[in-house]
Amino acid sequence: MSNRIQIFDTTLRDGEQVPGCQLNREEKVEVAKELEKLGVDIIEAGFPISSPGDFASVKAICDAVSEPTVCALSRAKKEDIDAAAEALKTAKRPRIHTGIGSSDVHIIHKFNSTREKIIEQAIWAVDYAKSFVEDVEFFAEDAGRADLEFLAKLTHAVIKAGATVVNLPDTTGYLLPHQMHQRISYLYEHVDNIHQATISMHNHNDLGLATANTIAGIQAGARQVEVTINGIGERAGNTSLEEIAMILNVHKDLGFSTGIHPQYLYPTSCLVSNLMGMPVQANKAIVGANAFAHSSGIHQDGFLKHAQNYEIMNPEDVGVPSSAILLTSRSGRAALRHRLSLLGYEFEKPDLDKLYTRFLIMADEKKMIHDADLKELVG
């Protein structure tokens with residue numbers, strides 16, 4: 001089994017389902033081109049049956065990118081698959097992503113169906129999608145809560161029907177990481193044709209475990225991850241692309257690799273945030289404003305002595321210009337001396353001590369001290 005992890009970006013489909021974050025066709029094409037530059041393997045461009053605008057956007061993305069596979073979502077319905085196939089006609093590497101619910105909750109309360117009928121419909125959908133494209137991905141919605149024996153039967157059936165990828169989503173963000181690992185391991189042990197397809201992770205973040213569950217899935221055998229820039233998506237969001245990419249980059253001991261070019265992570269994050277009008281939380285891993293910022297005196301002193309005391313990544317590696325030393329009332333003399341030096345001021349210890357006393361008074365009042373404040377303090 002290859003240890004190359006395929007990055008399936010669904011920012012333009014699942015990510016765009018966030019209320020108020022819809023993009024027009026030109027904006028979607030702009031994001032798609034940035035995702036291509038970032039190095040994603042698959043771009044889920046949209047859900048063509050959902051609206052004429054989404055259909056047109058999928059077609060436009062097919063024409064705009066050449067390297068990534070372009071994927072279109074559909075339900076296990078003829079009209080959905082027809083629309084997806086039509087929208088993907090000009091794609092150099094088209095994929096139809098079709099599927100249906102797999103948990104008893106969905107089977108009974110969403111589809112008013114039975115396990116047997118779900119398998120029949122799944123086989124039909126994969127077979128019909130294969131009449132248009134070779135690359136067909138099947139999603140077993142709510143696989144995180146599905147009966148494992150039934151999920152194994154469903155997985156076997158769709159692979160036998162021709163699915164090249166089987167997506168096993170934790171749609172409600174329910175699972176714990178060890179449970180995810182156990183479920184994927186079970187499928188590898190009980191589905192005899194599982195190596196004929198790629199197993200994919202698509203995890204939601206309702207309990208804040210999407211990234212952890214995705215890593216657990218990879219360790220159990222999944223080789224595709226479905227992610228979004230900044231972790232955006234339905235409800236609490238999806239697995240964050242930048243987190244998965246850098247976990248695998250930093251933990252090279254895990255033995256996995258991706259095609260992501262990390263230096264484009266921060267610029268892509270900023271583009272998506274700006275176009276969607278959705279600010280990135282300051283403490284967001286990798287791309288948040290505070291991800292490489294230090295304000296505690298102890299941390300600042302340690303960082304200034306040796307950056308790796310408090311940073312496990314170089315900010316430049318992910319496209320962030322530099323680390324930041326923020327001056328607050330929690331900052332120490334080392335940080336104050338550092339910032340003053342950058343402004344061209346040098347002080348011996350007695351004078352620095354006096355200045356530091358005045359600095360603390362100002363910091364308690366203003367909370368954050370900027371360069372103009374330091375010039376005022378010195379002046």
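Rule-based calculations on the coordinates, nothing more; no lab input. None of these values were measured; they are calculated from a predicted model. With ideal geometry, Cβ positions are generated from the backbone for all residues, glycine too; neighbour counts draw on all protein chains shown.
What to note about this one:
- Peptides 151-158, 194-201 ranked from most to least packed, by the mean per-residue count of other Cβ atoms within 10 Å: 151-158, 194-201.
- The chain: relative contact order in percent, alpha carbon pairs under 8 Å with at least 6 residues between: 14 percent
- When the GluC sites (Glu not before Pro) in segment 310-372 are filtered for DSSP coil states and for at most 13 other beta-carbon atoms within 10 Å of their beta-carbon, the remaining sites are GLU346, GLU348.
- Across segment 143-226, C-alpha contacts under 8 Å between residues 6 or more apart give a mean separation that, scaled by the residue count, equals a relative contact order of 35 percent.
- The listed peptides 336-344, 127-135, ordered by packing as a protection proxy, come out as 127-135, 336-344 (highest mean of other Cβ atoms within 10 Å first).
- A straight line joining the Cα centroids of segment 51-105 and segment 308-354 runs 50 Å.
- The magnitude of the dipole of segment 1-154, with charges of +1 and -1 set on the Cβ of Lys/Arg and Asp/Glu and taken from the Cα centre, is near 180 debye.
- Dipole of the chain, positive direction: furthest Cα of SER57, THR10, THR98, with charges on the beta-carbon: THR10
- Net charge dipole size for segment 1-62 [Lys, Arg +1 and Asp, Glu -1 on Cβ; Debye, nearest 20]: 140 debye
- For segment 293-378, the Kirkwood radius over C-alpha pairs fed into Stokes-Einstein at 10 °C and 1.306 mPa s yields D = 119 µm² per second.
- Look at the alpha carbon pairs under 8 Å that are at least 6 residues apart: their mean separation over the length of segment 293-378 gives a relative contact order of 31 percent.
- Of interest is the spacing of the C-alpha centroids, which for segment 26-46 and segment 217-284 amounts to 14 Å.
- Taking Cα centre as origin and charging only the Cβ of basic (Lys, Arg, +1) and acidic (Asp, Glu, -1) residues, the dipole magnitude of the chain rounds to 320 debye.
- The residues packed around ASP170, meaning those with a beta-carbon under 14 Å from its beta-carbon, carry a net charge of -3 if Lys and Arg are +1 and Asp and Glu are -1.
- Summed over qualifying helices (DSSP H, 4 residues or more, each -39500 (n - 2.57)) and divided by its residue number, the chain shows a 222 nm mean residue ellipticity of -13500 deg cm²/dmol.
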